[in-house]
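J.: I have a structure here, written as structure tokens, and I will follow up with some questions on it.
The values are calculated or read from the model by the stated rules, or taken from the named source; none is laboratory data. All values reported here derive from a predicted model rather than from experimental measurement. Cβ placement follows ideal geometry from the backbone for every residue including glycine, while neighbour counts extend to all protein chains displayed.
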Amino acid sequence: MAPTIGLELGDDPYVVFEHWFADACAEEAQPEAVAFASASRIGIPSVRMMLFKGLADGRFRFFTNYGSRKARELDSNPRAALLFFWQSLARQIRIEGRVLRMSAAQSSTYFSERDRDSQLGARASKQSRPIESRAVLLGCVETMRMQYEGHAVPCPAYWGGYELLPQSFEFWQGRPGRLHDRVEFTKKLGGWRTQLLAP
């Protein structure tokens, strides 16, 4: 059983995540916003905000351009970390694990569900690459808009999904006097090891 810290966390970090995420959905304007940290082959880190796109088979999903910096880093170093922070609840969740690419079919299915402007933007943008100006970018979007007028926008081969398979979770609950509650779940054979961490 997980340690008790004023919250009954139980022994399954996925259940805790789902409960906390539901609370955040009721309180936060954009609860799915998450910081995503990756690193290059030689360990140079980078972090950015992105959108969490759901859990499937115990894996945290997100989508991006395969030419983006994070995708290039994941190609050479497929380990990463997520950080959810919900200020109104004084809560955060850290998740670390291995990242795998989703299949082209899975990516295409999700792409077809996006709003059309996002689809056109994904085809027009060479994410993380230098551009001459915003006007050039918007011109590329308009070119795509005309090209696919009256037709479905196909998922680009250079765009798709990833899944992070957690090896650890850390749940943090803010407390007065900075004596915060922290519980870590670490993957082990057949389950999870839990321990309290000092704030």
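J.: Restricting attention to the range 25-38, does a residue exist that is under 24 Å from LEU179 (Cβ atoms), modelled with pLDDT of 95 or more and out of contact with any strand residue (DSSP E or B) (no Cβ under 8 Å at 6 or more places or on another chain)?
T.: There is no residue in the range 25-38 that is under 24 Å from LEU179 (Cβ atoms), modelled with pLDDT of 95 or more and out of contact with any strand residue (DSSP E or B) (no Cβ under 8 Å at 6 or more places or on another chain).
J.: Could you pull out the residue among ARG123, ARG114 that is without any contact (Cβ under 8 Å) to a residue 12 or more places away in the chain and surrounded by 12 or more Cβ atoms within 10 Å (Cβ to Cβ)?
T.: From the options ARG123, ARG114, the qualifying one is ARG114.
J.: Condition (residue is touching an Asp or Glu at 6+ places or on another chain (Cβ under 7 Å) and surrounded by fewer than 16 Cβ atoms within 10 Å (Cβ to Cβ)) applied to the range 68-89: is it met by at least one residue?
T.: Yes, some residue in the range 68-89 is touching an Asp or Glu at 6+ places or on another chain (Cβ under 7 Å) and surrounded by fewer than 16 Cβ atoms within 10 Å (Cβ to Cβ).
J.: When you go through GLU170, GLU184 one by one, which is the residue that is in contact with a Lys or Arg (Cβ under 6 Å, 6 or more places away or on another chain), charged (D, E, K, R) and buried (at least 16 other Cβ atoms within 10 Å of the Cβ)? Outline the logic, then answer.
T.: Values: GLU184 fails: in contact with a Lys or Arg (Cβ under 6 Å, 6 or more places away or on another chain).
Testing whether each residue is in contact with a Lys or Arg (Cβ under 6 Å, 6 or more places away or on another chain), charged (D, E, K, R) and buried (at least 16 other Cβ atoms within 10 Å of the Cβ) leaves just GLU170.
J.: Continuing with the same structure: I need the full set of residues from the range 64-111 which are among the polar types (S, T, N, Q), within 14 Å of GLY161 (Cα to Cα) and either touching a Lys or Arg at 6+ places or on another chain (Cβ under 7 Å) or without any contact (Cβ under 8 Å) to a residue 40 or more places away in the chain (or both), in order please.
T.: Residues of the range 64-111 that are among the polar types (S, T, N, Q), as a first pass: 64-65, 68, 76-77, 87-88, 92, 103, 106-109.
Checking which are within 14 Å of GLY161 (Cα to Cα) leaves us with 64-65, 68, 103, 106-109.
Hits for the range 64-111 are THR64, SER103, THR109.
J.: Residues that are loosely packed, with under 13 Cβ neighbours inside 10 Å, among the hydrophobic types (A, V, I, L, M, F, W, C), touching a residue at least 12 places away in the same chain (Cβ under 8 Å) and farther than 25 Å from ALA35 by Cα: does the range 136-153 have at least one?
T.: Looking through the range 136-153, at least one residue is loosely packed, with under 13 Cβ neighbours inside 10 Å, among the hydrophobic types (A, V, I, L, M, F, W, C), touching a residue at least 12 places away in the same chain (Cβ under 8 Å) and farther than 25 Å from ALA35 by Cα.
J.: Write out, first by first residue and then by second, each pair whose Cβ atoms fall under 6 Å of each other, whose residues are 6+ apart or on separate chains, and whose first residue, in the range 164-176, is more than 21 Å from PRO199 (Cα to Cα) while the second is of a type in the set (Phe, Trp, Tyr).
T.: LEU164/PHE60
J.: Could you tell me which of the residues PHE63, PHE17 is at pLDDT 95 or above and within 26 Å of LYS188 (Cα to Cα)? So that I can check it myself, show each step before the final result.
T.: Details: PHE63 fails: within 26 Å of LYS188 (Cα to Cα).
Selected residue: PHE17, the only one of PHE63, PHE17 that is at pLDDT 95 or above and within 26 Å of LYS188 (Cα to Cα).
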